[in-house]
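Undergrad: First the structure, then my questions, so here it is.
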Amino acid sequence: MPYHGLPERWPATLTIERHDMKNIVILGAGTGGAIVANMLNHKLDQKEWTITVIDKAAEHHYQPGCLFIPFKLYGYETREDIARDITSTLPKAAKFIKSEVMSIDHVNKKVETNRGLIEYDWLVCALGCHCALDEVEGLAETMGKNGVHTFYYLDAALAMQPDLEAMQSGKLVIDIADMPIKCPVAPIEFAFLADYYFDMKGVRDKIDITLVTPYSGAFTKPNANRVLTKIAWEKHINIVPNFSLERVDAKNRTLHSYEGSTVEYDLLSIIPPNLGPQAIENSGLGDGTGYALTDPKTLKHRKANCMYFIGDNTNVSTSKAGSVAHFEAETVVENLLREIEGKKARPTFDGHANCYIESGYHKALLLDFNYDVEPLEGKFPMAMFGPFELLKESHMNHMGKIMFDWIYWNMLLPGLLPMVPLLPSQMNFIGKDMSTHPKIQQSQKVKVGGIMTRNVITVPEGTALNAAATLMAQHNISSLPVVDQNNKLTGVLTEADFLSSLNIRDDSAIKNMFNMILHRKRPARHGGTTVDSLMTTPPITIREDDVLQVAIRLMDKNRIKRLIVTDDDNHVIGILSRPDLIGLFTGKGSKANAA
Ligand SMILES: Cc1cc2nc3c(=O)[nH]c(=O)nc-3n(C[C@H](O)[C@H](O)[C@H](O)COP(=O)(O)OP(=O)(O)OC[C@H]3O[C@@H](n4cnc5c(N)ncnc54)[C@H](O)[C@@H]3O)c2cc1C
């Protein structure tokens, strides 16, 4: 029996009929839980499997709408604009149990709820995260009163409307109490919308808008931070960085930081600390703040078996966003099905996140990034056509954000987005302007001389081939510059030259010529006994003052592994190899001399 001790009064559709079936239990029917339930429902044999979804809430909220509710903007004004019956988002075949999850016994595969125990064969945990008002001294008792509000959950967002509407002058402060938070761009979006809202009301010049944040700027990722900070500056939005909130003094309307600084407000829009579910912590599965110890690539729990995590309740280091839950769902579902079939889970999740950032005046920006690549400029999702602009304001991006509401209910939650070819779950570089990639930018500044190897072994013309080969093997090098009696470079002997000499082909001269021209194959070279007969001339060289981007282009175009660095007199002064360039990604390049 998969269910124990639950009250008998179930809604008719939720009665338990097939106890002999295997049970996948999904905890949470928010974004992640609903997507996984729907995707599994499409893929699992319903004669064999039961999908059970547990949630304590009666409603599913489209949380991105909470951003607009306080301002009553773009059609978001009432509860009905973003709330729906929670069961309406789930597959009809799934069993929904409305109860609170207290803990998970991963050894005996049971979930303890406030209505009894539920057994599972496989578990997907999508319990999200919540605003922990008690974590900040003075916050819980004043929330919704004395000008203290948040837009991070629906009831609070609705409660902010009268105070915002009444505000004609004074200080509006948006404060991020602590990290991590879900949708980390939402606070700066709120500031941008406040600027627009008060401008429309004709009182913007009487209202100070300040974003107070524990970050060093408007956002965590440097590229996005640069762009967002500039927009904030243009809109006369103040940013108070590195402010770790200690307490809210509602009586004096001030915020106090652990560092001893103070910020005054008339109206406070606070983002309280976001904690992971207590149930995860109660079960010994969390990191101390309720976030589950999740493998960042397979999305399995790091210690417990038969258990996947998706969405805001993981501790993986990407944004907590609905888009992330959507991209994660593909990995979770694929791996779950693989494990059920006895195969290993694959490390396919790359931290992919994308989010629109409303900037007011019917405009928005779009970010697309993952664990390894920070937001870049360019077009999305198609190169040249977009239609969305990355890291730039546009009306089309705003339309994307507004359209996302429809997509959320009709495609994302029903698990249909993975079928859209332009939205792969892994990030790609299509449409991205690579010149805005920090590594590429660095390669445009760092000079060859900064990272080349200076001790270069050379051989004089006339050196016997076997002596040259011995030298290359002894020093574990793949090429040898050949110099004349004035020590000037005349050629380079490479491993490829040796291979070419050993690859005796009986192709005709014409075929050889076609191979060289069309397939860029090397001419067959054999016959001599010294380096002069085999070496490549003229060698491709570079100067130490050239930037790495030039070297990368040369190496890529000519398919070579090393470049010889020469001075004005054609003396060899260094070698630049592919591993030197890979150093750009390992940090070695960053220590090199920049222009
Ligand atoms: C103001 C705001 C704006 C946002 N804007 C965007 C945006 O533009 N783009 C974007 O991609 N994301 C945005 N997000 C974030 C996005 O909404 C969340 O990241 C996403 O909903 C996470 O999905 P989830 O399934 O992890 O959690 P949720 O959708 O929060 O679902 C968690 C579910 O678990 C249930 N639950 C929790 N604890 C228990 C328990 N103990 N027992 C039973 N049930 C429980 C809850 O009732 C809830 O239904 C925004 C969020 C906010 C607050």
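The values are calculated or read from the model by the stated rules, or taken from the named source; none is laboratory data. Given the structure is predicted, the values throughout are model-derived calculations rather than measurements. Cβ coordinates were reconstructed from backbone atoms using ideal geometry, including for glycine residues, and neighbour counts include every protein chain displayed.
Undergrad: Within the range 405-425, which residues are surrounded by 19 or more Cβ atoms within 10 Å (Cβ to Cβ) and either under 14 Å from Pro64 (Cβ atoms) or among the basic types (Lys, Arg) (or both)?
TA: Once the filter is applied, which keeps residues that are surrounded by 19 or more Cβ atoms within 10 Å (Cβ to Cβ) and either under 14 Å from Pro64 (Cβ atoms) or among the basic types (Lys, Arg) (or both), the range 405-425 yields Tyr408, Leu412, Leu413.
Undergrad: If you take the residues of the range 447-466 that are out of contact with any Ser or Thr (no Cβ under 7 Å at 6 or more places or on another chain) and in a loop (DSSP other than H, G, I, E, B), which of them is farthest from Lys488 (Cα to Cα)?
TA: The residue in question is Met452.
Undergrad: A follow-up question, please. Is it fair to say Ile26 is surrounded by fewer than 23 Cβ atoms within 10 Å (Cβ to Cβ), within 27 Å of Glu112 (Cα to Cα) and in contact (Cβ under 8 Å) with a residue 40 or more places away in the chain?
TA: It is false that Ile26 is surrounded by fewer than 23 Cβ atoms within 10 Å (Cβ to Cβ), within 27 Å of Glu112 (Cα to Cα) and in contact (Cβ under 8 Å) with a residue 40 or more places away in the chain.
Undergrad: May I pose another question? Looking only at residues in the range 310-326 that are hydrophobic (A, V, I, L, M, F, W, C) and touching a residue at least 60 places away in the same chain (Cβ under 8 Å), which one is nearest to Thr220 (Cα to Cα)?
TA: Keep residues of the range 310-326 that are hydrophobic (A, V, I, L, M, F, W, C), which gives 310, 316, 321, 324-325.
Right, trim to touching a residue at least 60 places away in the same chain (Cβ under 8 Å) and you get 310, 321, 325.
Values: Ile310: 22, Ala321: 15, Ala325: 20 Å.
The extreme case among them is Ala321.
Undergrad: I need a count of the residues in the range 26-72 that are under 30 Å from Phe192 (Cα atoms) and within 13 Å of the ligand (Cβ to nearest atom).
TA: Number of matching residues: 16.
Undergrad: Among the residues of the range 279-292, count how many are without any contact (Cβ under 8 Å) to a residue 40 or more places away in the chain and either surrounded by fewer than 17 Cβ atoms within 10 Å (Cβ to Cβ) or under 21 Å from Glu334 (Cβ atoms) (or both).
TA: Count: 3.
Undergrad: Which pairs do you get when a residue that is at negative phi, found in the range 343-357, comes within reach of a residue that is assigned to a loop (DSSP other than H, G, I, E, B) and basic (Lys, Arg), reach meaning Cβ atoms under 8 angstrom, with the pair 6+ apart or on two chains?
TA: Listed by first residue and then by second, the contacts come to Pro347/Lys297; Thr348/Lys297; Phe349/Lys297; Asp350/Lys297.
Undergrad: What strands (runs of 3 or more DSSP E) lie completely within the range 202-285 and have 2 or more residues being under 30 Å from Asp55 (Cβ atoms)? Before the answer, list the steps.
TA: Details: elements: 207-212, 237-240, 245-249, 254-257, 262-264, 267-271.
Answer list for the range 202-285: 267-271.
Undergrad: Test Leu422 against the stated conditions and say whether it is touching a residue at least 12 places away in the same chain (Cβ under 8 Å) and farther than 30 Å from Gly491 by Cβ. Full working, then the answer.
TA: Numbers: touching a residue at least 12 places away in the same chain (Cβ under 8 Å): yes; farther than 30 Å from Gly491 by Cβ: yes.
Judged against the criteria, Leu422 is a match.
Undergrad: Please verify whether the range 101-117 includes one or more residues that are surrounded by fewer than 20 Cβ atoms within 10 Å (Cβ to Cβ), under 32 Å from the mean Cα position of the chain (by Cα) and among the polar types (S, T, N, Q).
TA: yes
One line per residue, one yes/no per condition, for (1) buried (at least 18 other Cβ atoms within 10 Å of the Cβ); (2) within 30 Å of Thr314 (Cβ to Cβ):
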{"residue": "Gly170", "(1), (2)": "no, no"}
{"residue": "Pro184", "(1), (2)": "yes, yes"}
{"residue": "Ile188", "(1), (2)": "yes, yes"}
{"residue": "Gly202", "(1), (2)": "no, no"}
{"residue": "Ile209", "(1), (2)": "yes, no"}
{"residue": "Phe219", "(1), (2)": "yes, yes"}
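Undergrad: Would you confirm whether or not the range 98-109 contains a residue that is among the β-branched types (Val, Ile, Thr) and away from the ligand (no atom under 13 Å from the Cβ)?
TA: Start the filter on the range 98-109 by keeping residues that are among the β-branched types (Val, Ile, Thr), which leaves 101, 104, 107.
Those still in the list that are away from the ligand (no atom under 13 Å from the Cβ) too: 107.
Yes, some residue in the range 98-109 is among the β-branched types (Val, Ile, Thr) and away from the ligand (no atom under 13 Å from the Cβ).
Undergrad: Taking the condition under 21 Å from Arg562 (Cβ atoms) and either under 42 Å from the mean Cα position of the chain (by Cα) or not basic (Lys, Arg) (or both), does Thr463 pass?
TA: Details: under 21 Å from Arg562 (Cβ atoms): yes; either under 42 Å from the mean Cα position of the chain (by Cα) or not basic (Lys, Arg) (or both): yes.
It is true that Thr463 is under 21 Å from Arg562 (Cβ atoms) and either under 42 Å from the mean Cα position of the chain (by Cα) or not basic (Lys, Arg) (or both).
Undergrad: Still on this structure: Any residue in the range 187-207 that is among the small types (Gly, Ala, Ser) sitting within a Cβ distance under 7 Å of a residue that is away from the ligand (no atom under 16 Å from the Cβ)? List the pairs, counting only those 6 or more apart or interchain.
TA: What qualifies is Ala191/Ile209; Ala191/Ala232; Ala191/Ile237; Ala194/Leu172; Ala194/Ile209.
Undergrad: For Val124, work out the one condition from (1) part of a strand (DSSP E or B); (2) within 9 Å of the ligand (Cβ to nearest atom); (3) surrounded by 19 or more Cβ atoms within 10 Å (Cβ to Cβ) it doesn't fulfil.
TA: Of everything listed in (1) part of a strand (DSSP E or B); (2) within 9 Å of the ligand (Cβ to nearest atom); (3) surrounded by 19 or more Cβ atoms within 10 Å (Cβ to Cβ), Val124 misses just condition (2).
Undergrad: While we're here: Which one of these is modelled with pLDDT of 95 or more, among the β-branched types (Val, Ile, Thr) and within 22 Å of Ala321 (Cα to Cα): Ile104, Ile69?
TA: Details: Ile104 fails: within 22 Å of Ala321 (Cα to Cα).
Testing whether each residue is modelled with pLDDT of 95 or more, among the β-branched types (Val, Ile, Thr) and within 22 Å of Ala321 (Cα to Cα) leaves just Ile69.
Undergrad: Do you know which of the residues in the range 179-197 that are closer than 17 Å to Tyr361 by Cα and among the aliphatic types (A, V, I, L, M) is nearest to the ligand (Cβ to nearest atom)?
TA: Across the range 179-197, the extreme among qualifying residues is Ala186.
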